[in-house]
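Everything below concerns the one structure shown next.
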Amino acid sequence: MTAGTSQSPGETVGTIRNARIAGGGRELLPTDGPFDVFLEDGLIADIAPIGALTPRGAVLDAQGAWLVPGLWDHHVHVVQWALAAQREDLGSARSAAHAARIMGAAPVLTDGRRIGTGFRDALWPDSPSLSVLDEATGDIPTYLINADVHSVWMNTAALRREGHEPDGIGLLRETPAFEISRRLNDVEPAMGDRLVARMAADAASRGVVGIVDLDMAWNEGSWARRLAGGFDALRVEFGIYPEFLDRAIAEGLGTGDPVRGAASDLVHVGSLKVITDGSLGTRTAACSRPYRGDPHNHGMLTVSPEMLLGLMTAATGAGLSCAIHAIGDVANSNALDAFAVSGATGTIEHAQLVAHADIPRFARLGVGASVQPEHAIDDRDVTDSIWAEQTAVPYPLRLLADSGAAMLFGSDAPVSPLDPWAAIAAAVFRTRDGREPWHPDQGIDIATAIAASTHGGTGGSTARIEPGGIADLALCESDPLTASEPELRNMTVAATTLGGRLTHVR
């Protein structure tokens, strides 16, 4: 990729020369191109056949590469994802004993703790126990965070450090586990912000121009500090959790408002985020039928329907949209009911198990399905095992799309890596690593998957490559609309622009 002159992130592009249009406006163009795309004041000013108009400003030579709207990840836990690079990866752990051995050899961090992340214990042949972990890790406080973040396994030293009495297992679930994650994520701001900036640069290299940050914190303060420190790599919308709702209302925060006092308008208030049930991997997602092999376990609601309705009504009255975590079919039914009664706008986050009767309600109520396609691939074996007796539909992407529901894709990083191309590949091909596709009938077409990975998803209206469109763009070295599953997962992004300004260039 060349640019006529040496270009680097931070430079504003006036003309993208010799580009093909891969999506989000291609259908409006009279030919397949290539085209020159002219940018001005953060917008697409014009599109013309190559050489028809004189280039303006700095020129980025696309060399026939493919232009798509800039991509968004609609569900990220920013600090926890940024910190994952410093934590021991437990994705390869085959058993509790194996995970304990990995942590016994893991480096001790500067704060005197060992932290691992990414274990998946649902199909382990053994169960986590305090004795196994203590034997491997000794007196060094050691924390193992489940891939789904809904449980944390700790040794005796860690339990005592966090004020918990050892119980023989050392496994905390749901609210207590989230509290441990909050404490582990509460790092010195300057260090955390450096890691967030590194994460943002990596995201930009994948064509990402924006994220929805759902960290469990008062996020406006964190983002105001980052903006003051020069953060400019991504657009951000941040969530507000119930414990901060009264403060947000009292201070007049509404969805779409920019961060107060910031010179930049890159960061805006997002939605009220409510976690209403658990997860599949921790076996706590609220389901109508029991988990296989555990006849008394239907999961759990962590927020009652009455409390959820109250929270959503208060948020709606204050001008906040809602992002409701619901994984099991019972939780999804309750969330849809609350949207219907409260009149709230927003999304259901995850929607991993949905009753047949509830699928058309998303479109009817105008509720977006904010889903993470890679989770279906990660969880396929667990779903086929412990959800085998559920009668609702697991990971119903095609059914939701065909019903007219707005689809918004994300990663839930660190649950899955922040990589929209992986999400697109999973949604279309329903496989990874050469395995047979899993429920291929729920795959969707590539154009829809790309649209779901742009701002607002398939219900958005701003991610268009047309005059007047926002100049948030990604330049791909191959055509994503004709790519195979491996090609999508290995997509090379040559350049990314944010309002016409380069945030990544090869």
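The values are calculated or read from the model by the stated rules, or taken from the named source; none is laboratory data. Here the structure is a predicted model, which is why all the values come from computation and not from measurement. Note that we place each Cβ from the backbone using ideal geometry, even for glycine, and neighbour counts take in every protein chain shown. Areas reflect the complete protein model, heavy atoms only, side chains present, ligands, DNA and RNA absent. Shrake-Rupley method; radii C 1.70, N 1.55, O 1.52, S 1.80 Å.
Over the chain, what relative contact order in percent results from Cα pairs under 8 Å that are six or more residues apart? Intermediate results must be reported in sequence, preceding the final value.
Details: 1189 pairs, mean separation 95.5, N = 506.
In percent, rounded to a whole number, it is 19.
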Quiz prompt | Per principal axis, descending, Cα span of segment 400-506 in whole Å | solution = 41, 33, 29
Practice problem: In vacuum, with every alpha carbon of segment 336-393 counted as one equal point scatterer, what does the Debye formula give for log10 I(q)/I(0) at q = 0.25, 0.31 Å⁻¹? Two decimals, please. | Solution: -1.04, -1.27
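Using Cα pairs closer than 8 Å and at least 6 residues apart in sequence, work out the relative contact order for segment 340-451, in percent. Write down the numbers at each step before the final one.
Working: 161 pairs, mean separation 31.0, N = 112.
Once divided by the residue count of segment 340-451, the mean separation gives 28 percent.
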Quiz prompt | Segments 221-232, 352-363, 59-70 sorted - mean Cβ within 10 Å per residue, highest first | solution = 59-70, 352-363, 221-232
Quiz item: How about segment 343-419: which GluC sites (Glu not before Pro) there are in a DSSP loop, with at most 12 other Cβ atoms within 10 Å of their Cβ?
Solution: Glu389
Quiz item: Does anyone have the angle between helix 189-204 and the longest principal axis of the chain? Alpha-carbon axes, 0 to 90°, nearest 10?
Solution: 50
Practice problem: For the chain, give the magnitude of the charge dipole about the Cα centre (Cβ charges: +1 Lys/Arg, -1 Asp/Glu; no others), in debye to the nearest 20. | Solution: 380
Quiz item: At a 1.4 Å probe, what is the % contribution of carbon and sulfur to the accessible area of segment 253-335?
Solution: 56
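For segment 406-506, report the accessible area per residue in Å² (1.4 Å probe, heavy atoms, rounded to an integer). Write down the numbers at each step before the final one.
Details: 3420 Å² over 101 residues.
Per residue, segment 406-506 has 34 Å² of solvent-accessible surface.
Compute the convex hull volume of the Cα atoms of segment 63-121, divide it by the residue count, and report the result per residue in Å³ as a whole number.
Details: hull volume 10.1 nm³, N = 59.
For segment 63-121, the hull spanned by Cα atoms encloses 170 Å³ per residue.
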Quiz item: Hey, what do the phi angles of segment 66-74 turn into as Karplus ³J(HN,Hα) couplings, whole Hz, using 6.51/-1.76/1.60 and θ = phi - 60°, x for Gly and Pro?
Solution: 9, 9, 10, x, x, 9, 10, 10, 8
Exercise. Enter the Cα centre distance for the pair segment 106-122 and segment 218-297, rounded to the nearest angstrom.
Key: 25
Quiz item: Rg to Rh ratio, segment 242-336, alpha-carbon atoms and Kirkwood radius?
Solution: 1.12
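With 16 Å as the cut-off, how large is the P(r) tail for segment 164-240, expressed as percent of Cα-Cα pairs?
Result for the distance tail: 59 percent.
Can you pull the percent of segment 4-156's accessible area that's carbon plus sulfur, 1.4 Å probe, other chains left in place? Show your work: numbers first, answer last.
Working: 3120 of 6160 Å².
Answer for segment 4-156: carbon and sulfur cover 51 percent of the accessible area.
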Quiz item: Using a ≥ b ≥ c from the Cα gyration tensor of segment 98-171 (square roots of the eigenvalues), is it rounded, prolate or oblate, where a/c under 1.5 gives rounded and otherwise the larger of a/b and b/c decides, a/b for prolate?
Solution: rounded
Self-check item: Neighbour cut-off at most 14 other Cβ (10 Å), DSSP loop, GluC sites (Glu not before Pro), segment 226-288
Solution: Glu251
Quiz item: Measuring with a 1.4 Å probe in the full set of protein chains, what accessible area per residue, in whole Å², belongs to segment 259-389?
Solution: 34
Quiz item: Against the longest alpha carbon principal axis of the chain, how many degrees, from 0 to 90 and to the nearest 10, is the axis of helix 420-429 turned?
Solution: 80
Quiz item: When only alpha-carbon atoms count, how far does segment 1-151 stretch along each of its three principal axes, as whole angstroms with the largest first?
Solution: 73, 33, 23
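Can you compute the charge dipole magnitude of segment 332-459 about its Cα centre, using +1 on each Lys and Arg Cβ and -1 on each Asp and Glu Cβ, nothing else charged? Give it in debye, rounded to the nearest 20. Don't jump to the answer; show the numbers that get you there.
On the way: 7 positive and 16 negative charges, 76 e Å.
Dipole about the Cα centre, nearest 20: 360 debye.
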Quiz item: Where only protein heavy atoms count, and the probe is 1.4 Å, what is the accessible area per residue for segment 134-178 in Å²?
Solution: 40
Quiz prompt | Spacing of the two label points (7 Å from each Cα toward its C-beta) at Val341 and Leu481, in nm | solution = 4.6
Exercise. Please name which of Ala100, Gly112, Thr12 has its Cα lying farthest along the dipole of the chain towards the positive end, using unit charges on Cβ (Lys, Arg +1; Asp, Glu -1) and the Cα centre as origin.
Key: Thr12
Quiz item: Carbon and sulfur together cover what percent of the accessible area of segment 439-483 at a 1.4 Å probe radius?
Solution: 54
Practice problem: Treat every Asp and Glu Cβ in segment 56-151 as -1 and every Lys and Arg Cβ as +1, leave all other atoms uncharged, and give the resulting dipole magnitude about the Cα centre to the nearest 20 debye. | Solution: 240
Self-check item: With Cα atoms, 0 to 90° folded angle of helix 329-342 axis to the chain main axis
Solution: 60
